[in-house]
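Peer 1: Pasting a structure below so you can have a look.
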Amino acid sequence: MKKIDFKDLILFENEDYLVINKLPYLSTLDDRHEAQNILDLAKGYTPDAQVCHRLDKETSGCLAIAKHPEAYRNIAIQFEDRKVDKIYHAVVEGIHDYKDVLVDKNLLANNKGIAKVSKDGKPAQTYFKTVKTYFKHSLIECKPVTGRLHQIRVHLAYLKSPICGDETYGGKPLYLSELKRRFNLKKNTEEQPIMQRVSLHAYALNFKGVKGESIEVIAPYPKDFDVLVKQLEKNR
């Protein structure tokens, strides 16, 4: 990945917080295999930076960073009390009409970092709402109440609407040839999926600032997610 200018990622900034639009494939915390990660980039911008929550490496979107310890404490308490509102958008397989559907299923993660629904797991709740339906797919708004590993991905798979490209939990990659009736692939080339990752984006974040003010940030879709949604629109 080419060198990232951290300033280009910033969606919101005040004296206490930064909210960035995390790029896909960029780790939140230190990653032995990567030269860059969000925490190091943030510390280069503001030395006392602390990342307030995590997004999977593949997931893009809103990520809050505290600039000093008091700001970190303030948001950490809100996370603990489940007062931080997070909204994700996911492109899933199938046509679904979810109207604030609640999945309340415990999740258990194994030592390989794979989660599953299990009564022995930790409590996990997510609300789902359909934003738009297409020919064979749906754009879904996901509101996690808890913050378990791969929670949205596993809960959507539980609803039999796995996320496109999420092969770990039963989602298949989505190819343009499935959407376009007259699709011609160049000779001797192999078709690539429209999105090379899990089709999940942290769309919005809402929390209270240090002085009690409401901070609400929306992260525009990154290029790959935007292209996918536009192709679905075009070929409805």
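The values are calculated or read from the model by the stated rules, or taken from the named source; none is laboratory data. All figures in this text were calculated on a predicted structure; none of them were measured in a lab. Because the Cβ atoms are built from the backbone with ideal geometry, glycine has one as well, and the counts that use them run over all protein chains shown. For accessibility, only protein heavy atoms count, side chains too; no ligands or nucleic acids. Shrake-Rupley method; radii C 1.70, N 1.55, O 1.52, S 1.80 Å.
Every residue, every condition in (1) in contact with a strand residue (DSSP E or B) (Cβ under 8 Å, 6 or more places away or on another chain); (2) open to solvent by 60 Å² or more (accessible area, probe 1.4 Å); (3) touching a residue at least 60 places away in the same chain (Cβ under 8 Å); (4) on the phi > 0 side of the Ramachandran plot, yes or no:
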| site | (1), (2), (3), (4) |
| --- | --- |
| 163 | yes, no, yes, no |
| 190 | no, yes, no, no |
| 198 | yes, no, yes, no |
| 201 | yes, no, yes, no |
| 205 | yes, no, yes, no |
| 218 | yes, yes, yes, no |
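Peer 1: Is there any pair linking a residue in the stretch 139-154 that is on the phi > 0 side of the Ramachandran plot to one that is assigned to a strand (DSSP E or B) and of a type in the set (A, V, I, L, M), with Cβ under 7 Å and at least six apart or on different chains, and which?
Peer 2: 150/115
Peer 1: Follow-up question, since we're still on this one. Within the stretch 102-144, track down each residue that is hydrophobic (A, V, I, L, M, F, W, C), surrounded by fewer than 16 Cβ atoms within 10 Å (Cβ to Cβ) and assigned to a loop (DSSP other than H, G, I, E, B). First the steps, then the outcome.
Peer 2: Of the residues in the stretch 102-144, the ones hydrophobic (A, V, I, L, M, F, W, C) are 102-103, 107-109, 114-115, 117, 124, 128, 131, 135, 139-140, 142.
Now narrow it down to the ones that are surrounded by fewer than 16 Cβ atoms within 10 Å (Cβ to Cβ): 102, 114, 117, 131, 135.
114, 135, listed by residue number.
Peer 1: Can you give me the number of residues within the stretch 174-186 that are assigned to a loop (DSSP other than H, G, I, E, B), out of contact with any strand residue (DSSP E or B) (no Cβ under 8 Å at 6 or more places or on another chain) and surrounded by 18 or more Cβ atoms within 10 Å (Cβ to Cβ)?
Peer 2: Initially, the stretch 174-186 is screened for residues assigned to a loop (DSSP other than H, G, I, E, B), giving 174-175, 180-186.
From what's left, out of contact with any strand residue (DSSP E or B) (no Cβ under 8 Å at 6 or more places or on another chain): 175, 180-186.
Restricting the remaining residues to those that are surrounded by 18 or more Cβ atoms within 10 Å (Cβ to Cβ) gives none.
The number of residues fulfilling the criteria is 0.
Peer 1: Scan the stretch 147-161 for residues that are over 14 Å from the mean Cα position of the chain (by Cα) and open to solvent by 10 Å² or more (accessible area, probe 1.4 Å) and jot them down.
Peer 2: 157, 158, 159, 160
Peer 1: Confirm whether residue 98 is crowded, with 18+ Cβ neighbours inside 10 Å, part of a loop (DSSP other than H, G, I, E, B) and aromatic (Phe, Trp, Tyr).
Peer 2: Details: crowded, with 18+ Cβ neighbours inside 10 Å: yes; part of a loop (DSSP other than H, G, I, E, B): yes; aromatic (Phe, Trp, Tyr): yes.
Taking the combined requirement at face value, the residue satisfies it.
Peer 1: Would you pick out the residues in the stretch 199-230 that are closer than 19 Å to residue 76 by Cβ, of a type in the set (Gly, Ala, Ser) and either assigned to a loop (DSSP other than H, G, I, E, B) or over 12 Å from the mean Cα position of the chain (by Cα) (or both)?
Peer 2: Answer for the stretch 199-230, where residues must be closer than 19 Å to residue 76 by Cβ, of a type in the set (Gly, Ala, Ser) and either assigned to a loop (DSSP other than H, G, I, E, B) or over 12 Å from the mean Cα position of the chain (by Cα) (or both): 209, 212, 214.
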